[in-house]
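For reference, the structure discussed in these notes is given below.
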Amino acid sequence: MTKDIQEWDKFLTELTESILPIYKQHEDTFDVSGIHGRLHISRSIIFAEFMARFYSSISDQSNIDFSSIRHAVAFHDSGRKDSGIDLWEKDSEDICLKYLYEDGYNSKYCKYTSALISKKTGNDINHCIVYDSDVLDIMRPCCGHGDIQGFRREFLRFLGPKDVLIEYGEGCEETRNQVINDAWKLIEYTEDNQYIFNDDHIYKMLDIIKNNELDFEIFHKYF
């Protein structure tokens, strides 16, 4: 996992300089309230990164593709034209595919990574992580699902009965609840303090996690 972690800093630079500006443009046009903007994308990436690191820490999982997960999550709302129901998932896949091709990745990687964006296909661990990162962030108040109290936990595969990697059993529920609680704390804090972000969304979020060990019981261990 060491190499994957080393590549994390490089990805954060890429995200900030080349990918989040797509969502800034969305915020300046149709997504003024930032429902699917930079806060959402940054949090989703942190959630996905945590899950990938968690899975990798408890077993030798060479099939976990950190790079593919990061890029798929980063682009999963890039094709949106509105903030309602996502009718542009295929457009987001195409934008991701084009970006990766132009960035010099091989064809197999480009096609596999962009396909992870689809919620309708794929059931491998990488697809599940991408899917779950979006599921966790649906707790954000602007989605109108009742925050953490209204969160429908049955849709989260991570450490649940539908986890494709870990057999659901003793200890899973406690860890799963910790993750949901940490995700909610990050959502609540960042949504309530949007004014602190100035094109440094994910860096500030990581600082919040690193500097608040007691508030982020499990996230803090992996960042």
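Throughout, read-outs are computed from the coordinates displayed, never taken from laboratory work. Because the structure is a prediction, the values reported are computed rather than measured. Reconstructed Cβ throughout: ideal geometry from the backbone, glycine too, with neighbour counts over all protein chains shown.
Points worth noting:
- Simple rule: put +1 on each Lys or Arg Cβ and -1 on each Asp or Glu Cβ in the chain, find the dipole, and look at Asn63, Asn211, Asn106; the Cα lying farthest toward the positive end is Asn106.
- In region 117-180, trypsin sites (Lys or Arg not before Pro) in a DSSP loop with at most 15 other beta-carbon atoms within 10 Å: Lys119, Lys120, Arg152, Lys162
- Per residue of the chain, the DSSP helices (runs of n ≥ 4 H) give a summed -39500 (n - 2.57) that works out to -17000 deg cm²/dmol at 222 nm.
- Here the dipole of region 2-221 is about 420 debye; that uses its Cα centre as origin and unit charges on the Cβ of Lys and Arg (positive) and Asp and Glu (negative).
- Among the trypsin sites (Lys or Arg not before Pro) found in region 55-85, those both in a DSSP coil and sparsely packed, with 16 or fewer other Cβ atoms within 10 Å of their Cβ, are Lys81.
- The label-point distance for His145 and Asp94, in a model that sets each label 7 Å from Cα toward Cβ, rounds to 2.8 nm.
- Shape category assigned to the chain from the gyration tensor of Cα positions, a/c cut at 1.5: rounded
- Charge tally around Ser92: other residues with Cβ under 12 Å, Lys/Arg +1 each, Asp/Glu -1 each, net -2.
- Label-to-label distance for Glu102 and Phe223 is 2.9 nm, based on points extended 7 Å past Cα in the beta-carbon direction.
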